[in-house]
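Please treat every number below as a calculation from the coordinates, not as lab data. Please read these numbers as outputs of a predicted model, since none were measured by experiment. Here the Cβ positions follow ideal geometry from the backbone for every residue, glycine too, while neighbour counts run over all protein chains shown.
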Amino acid sequence: MSTPAAASNDYLSYSVEDTQLSLVLLKPITVYTAGAYDEAAQSLSQMEGLTLLVADFSKVREYDSYLAVLVDLIDAACGKRGIQVEYIGMSESMERFLASLKAADQARNDAAADVSAWRSSLEHIGEFTLRLGRDTRDFVEFFGELVYKLLLLLPRPGLIRWKDFPFVFTRAGVDAVPIVVLIGFLIGLIIGYQGAVQLKQFGADIYLADMIGVSITRELGPLMTAIIVAGRSGAAFAAEIGTMKVSEEIDALKSLGFDIMRFLVMPRVLAVMLAVPFLTLFADVAGILGGLLTGLMTLDLTLTGFFNQLQQALTYSHVFSGVLKSVVFGFLIATMGCFRGLQVFGGAESVGKYTTAAVVSGIFLIIFVDAIFAFVFQVLDI
Amino acid sequence: MPDSPIIQVRNLTIQYGSLVVLRDVSFDVYKGEIFVILGGSGCGKSTLMKAIIGLVKPSAGSIIIDGADFTSVRGSERQAVLRKFGVLFQSGGLFASMTLAENVALPLETYTSLNNDRIMQLVDIKLASVGLSGYQNFLPSEISGGMRKRAGLARAMALDPHILGFDEPSAGLDPITSAALDQLIIRLNETLQTTMLVVTHELDSIFAIAHRIIMLDREVKGIIAEGDPRELKEHSTDRRVLNFFNRVVETSEEA
């Protein structure tokens, strides 16, 4: 048998007699001293030729749950090598404490056998797919119910709670004007600069008006506006309704016999449907002005020349196709925001999760539907 | 008395602005006892608990925890005193974005140098000791209110504090779950020898768990009774104490 190089450290002293190792634990056994005991246990596990280990706890005055972990460590290390273990010097309270922790540990092991926490990657993929399927089905259901109820209420619009409408319209529409105008102007400016460089090469400066006018009114104006509204109002609806759900306000409304669709969803959806086209027109004007500024600054365009060309290039169908799309975008943004809000369950974390989902899926829907519009408009030659 | 005082509250006054909530309150809590602070609504019992655990700064007086004056210590000394406490808040106070295991592991990861395996072993022991084996990977939103409280208790016990505080542990629980939580408090007190400081006005809980109580009164802004609740119920000469323990409502004419 090999003799240990050192006979003690700050935390334990030990002596070897024949094949028996006697340990005396000297310091508090707590989560704060765990590292030192771990190291000591590690070095002792290297010792060979032992048949019995006697651990003396009589000098230990302070201990906590780590005691159970340490005993477990010693048991495991010795058990593996067939070494018998004997614990001595434990006070009655220490023994009682250890017994209660060991009972808990046993309960843990039993439960671990019953409830497997391990989940394979395949399970995760499966779960994700199922969740996506359920999510889509729920949204289609929600969407269908909303459209159905809107159609039902067309002849009796007084049944919708219009009290919220001006407030939501102001928040989603009027309050968003400055940011929509600013973003629209900057987009016009950027597109103008990018286009001007190319057009100048062909001496086609004047066609900047065509490029700006058509791209802004047909695509960029409605799209950028919708993305901004999704970030502002879609998120706001999800957070607002989600918080109402968490604080049981939705349950209270339901228990009072209110129809959530009529009371909460419709005023928001209708207000945003009305606000987004107006915002889109603001964005269109700002974008064109941004493009005009580029034309005036980088190309030899005149104000009159630009507007004359714009008048020829822009048709009503360009503007109205954009406005029509923006109505649909508004509907989708508000519907998704409300839908996500009503999906919230639990607490604050869930509100955050579904608010993010409202924005992400709202933007996805906008772009997806925009692609469908592009295809349909092309087929219909609009 | 079970042992020497672990908490000594001396001449404590707490006020919010000009509103005095507690005035000149003094009492001791002894090591290993279950000490209940009780009283009617608005008497300042939760405020007193918050002052003891350092969440409310008293206007005057001192709170001595294990020999250190908590009202004057700063920096690392204050941290050391704070680590002697574990608190179970009314709603459990679990972090909603973390699983139960992550919630319980958080103090261990923050304050100890244990490796992940050891931490998870301790987390499992803590969750098992409150009867939540197998719920490691559940989020707080996926379990019941009673389970959330038990998980909150497991987190409060993560660092094996010397003192465990409970703010209205029975609030929002059905009588069976509430009684089970009382049994858990008693069992943990007996096995771990932890001092328990409980704020409640649930009489069933008080008689089930309390070794000693203090009763606060809103009018007096202080203590009107101290001692064994069973003895106080039978022998107190204070009408307010007897009314409280016997659930007597005095009409204004009687008063």
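Just a few scattered comments:
- Mean separation of Cα contacts under 8 Å (6+ apart) over length of region A:152-380, as relative contact order %: 35
- Selection of trypsin sites (Lys or Arg not before Pro), region B:52-101, meeting DSSP coil and at most 13 other Cβ within 10 Å: B:R74
- Listed residue pairs exceeding 22 Å between alpha carbons, taken from B:K45/B:K221; B:K45/B:K149; A:K27/A:K80; B:K50/B:K221: A:K27/A:K80
- Label-point gap, in nm, between B:Y16 and B:R78 - each point 7 angstrom along Cα→Cβ: 2.1
- Packing-based order for A:122-131, A:194-203, A:241-250, using average beta carbon neighbours within 10 Å, highest first: A:241-250, A:194-203, A:122-131
- Extension gain, A:L154 to A:R134: 0.36 nm times the residue separation minus the Cα-Cα distance gives 4.2 nm.
- Ordering of A:137-143, B:64-70 by packing [mean C-beta count within 10 Å, highest first]: B:64-70, A:137-143
- Per-residue mean of foreign Cβ neighbours for A:29-38 is 4 (Cβ atoms of other chains, 10 Å radius).
- FRET efficiency for A:T304 and A:Y193, using Cβ-Cβ distance with R0 set to 25 Å, rounded to 0.05: 0.70
- Length gained on full extension, A:I88 to A:L256: 53.7 nm, using 0.36 nm per residue less the C-alpha separation.
- Sites counted here are GluC sites (Glu not before Pro) in a DSSP loop (not H, G, I, E or B) having no more than 16 other Cβ atoms within 10 Å; the longest part of chain B that contains none of them is B:1-218.
- Rel. contact order, % - alpha carbon contacts under 8 angstrom, at least six apart, chain A: 17
- Peptides A:184-193, A:275-284 ranked from most to least packed, by the mean per-residue count of other Cβ atoms within 10 Å: A:275-284, A:184-193.
- Shielding by partners - mean other protein chain Cβ count within 10 Å, residues of B:155-163: 2
- Mean separation of Cα contacts under 8 Å, 6 or more apart, over the residue count of chain B: relative contact order %: 24
- Neighbouring Cβ atoms from other chains, within 10 Å of the Cβ of residues in B:120-126, number 6 on average.
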